[in-house]
1. Of the residues Glu131, Glu141, only one is of a type outside the set (A, V, I, L, M, F, W, C), under 26 Å from Asp49 (Cβ atoms), assigned by TED's automatic domain parsing to the domain that holds Phe217 and part of a helix (DSSP H, G or I); which?
2. Search region 246-271 for residues that are at negative phi and pair each with any residue that is within 11 Å of the ligand (Cβ to nearest atom) and of a type in the set (Gly, Ala, Ser) when their beta-carbon atoms are under 7 Å apart and the residues are at least 6 apart or on different chains.
3. Going through region 163-178 one residue at a time, which ones are buried (at least 18 other Cβ atoms within 10 Å of the Cβ) and not charged (D, E, K, R)?
4. Which one of the conditions (1) closer than 30 Å to Phe207 by Cβ; (2) in a loop (DSSP other than H, G, I, E, B) does Glu259 fail to meet, given that it meets all the rest?
5. Based on this model, can you work out whether Val186 counts as within 18 Å of the chain's Cα centre (by Cα), at pLDDT below 90 and away from the ligand (no atom under 16 Å from the Cβ)?
6. So is Arg197 over 27 Å from Ala343 (Cα atoms) and either free of Cβ contacts under 8 Å to residues at least 60 places away in the same chain or not in a helix (DSSP H, G or I) (or both) or not?
7. Can you list residue pairs whose Cβ atoms sit under 8 Å apart, with the first residue in region 106-122 being outside the structural domain of Phe207 (by TED's automatic domain parsing) and the second being modelled with pLDDT of 95 or more and among the hydrophobic types (A, V, I, L, M, F, W, C)? Count only pairs 6 or more apart in sequence or on different chains.
8. Do the conditions hold for Arg325, that is, is it buried (at least 16 other Cβ atoms within 10 Å of the Cβ) and closer than 23 Å to Phe292 by Cβ?
Amino acid sequence: MLHLHNTGPGLSETHNDITVLGAQRERRAHRVDSRRLVGPEEGIAVLNDRIHIHKTQQGTDHADLAQDVRYGLTGIPKTLPPKYFYDERGSELFEQICDTPEYYLTRVEHGLLQDVVNDVVALTDPAVIVELGSGSSKKTEVLLRAAIDEVSPLRYISIDISEQALVEAGERLIRRFSPLTVDVLVADYENGLNHERVRNGEGNKLFVFLGGTIGNFEHDDAVELISSIRAQMDDDDRLLLGADRVKDTAVLDRAYNDEEGVTAQFNKNVLRVINRELDAAFDLESFEHRAFYDPHRARIEMHLVSRLSQQVTISALDLTVGFDRRESILTEISRKFTVESLARLFREADMVIERHYEPENGYFSLIVARPQ
Ligand code: AVI
């Protein structure tokens, strides 16, 4: 079951409408299924024709990491940017987090997307889907299945820094959906959004930013990111954004402290990355994972806390970092939104919310927005 916030004229959806949306989805999914191409046996040549991989950042990653680590670990308090979680191992750990019973975000967003996807497609009529931070693109399949039709070709552009996950996902998608072409942009968001593949092209574009990743940005950075998506949009283009919502603190705390300890491993993975890439000597056992919800700032904070007073050398930076006992590194924030804070976010990015979908428990939001 689903609620839609009434965000504009003519939008007085009720639960009855949602039932209808579900029925449309079933019919449409059936029709599209019968068009699936498929099976790896159908050939790598076709596959290569329909997938292009573009790397935009070769050579800069390492310098960025060095600069960010020096800046973050010599500052007060110590911080590290969350993007460095996601090497191959980190991306796999994140996929595992999504499967833990405590991490509701992925499941709730996926279910909500299934419920509303036909409405989203009818509203946005995309010829090109541009996804930021797509990772394994699993949820995107729901969207692609609904957006592909018999006559018009669909182009999918995925932007992420995790090359392996992107390429695997791209290959899977073109096997599964026959009229689809894929451009894989191995890039950060800024470079990806400015890529000529994103700037050029016919037809409506639907930009997609799912998973609640917008919450990993401070407010001003989130406004800047949405503004830079907006800068690539024509009047008929749209943005589909997923955002996690403020809810019971215990539910939030559990989601970032799963019993199996996958999130703890994911958190510590940033130290592995620094050890490997910058020849550092972090002892992972001497740091503990700590994540908690701060209701005043409406955000989860994730930290790595030093169990002891220690010095850690980072050879490639010619730097030794001192830690007091219980001193922590802030490794990630994950902001949680209200209907009002989401409205403010889009307003400040000069965008208008056209649809705001949420499940009955209000756990998550999917928003379709257009340029003001
Ligand atoms: C990617 N991002 C939306 C996740 C989140 O929930 O903020 C990353 C994550 N960190 C710990 N668990 C998941």
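The values are calculated or read from the model by the stated rules, or taken from the named source; none is laboratory data. Note that the structure is a prediction, hence the values are computed from the model and not measured. When we count neighbours, we look across all protein chains shown, and the Cβ atoms used for this are built from the backbone with ideal geometry, even at glycine.
1. Glu141
2. Cβ pairs passing all conditions: Tyr256/Ala291; Asn257/Ala291; Thr263/Ala291; Phe266/Gly90; Asn269/Gly90.
3. As a first pass, look at region 163-178 and keep what is buried (at least 18 other Cβ atoms within 10 Å of the Cβ): 165-166, 169-171, 173-175, 177.
The answer is Ala165, Leu166, Ala169, Gly170, Leu173, Ile174, Phe177.
4. (1)
5. Values: within 18 Å of the chain's Cα centre (by Cα): yes; at pLDDT below 90: yes; away from the ligand (no atom under 16 Å from the Cβ): yes.
Criteria met by Val186.
6. no
7. none
8. Numbers: buried (at least 16 other Cβ atoms within 10 Å of the Cβ): no; closer than 23 Å to Phe292 by Cβ: yes.
Judged against the criteria, Arg325 is not a match.
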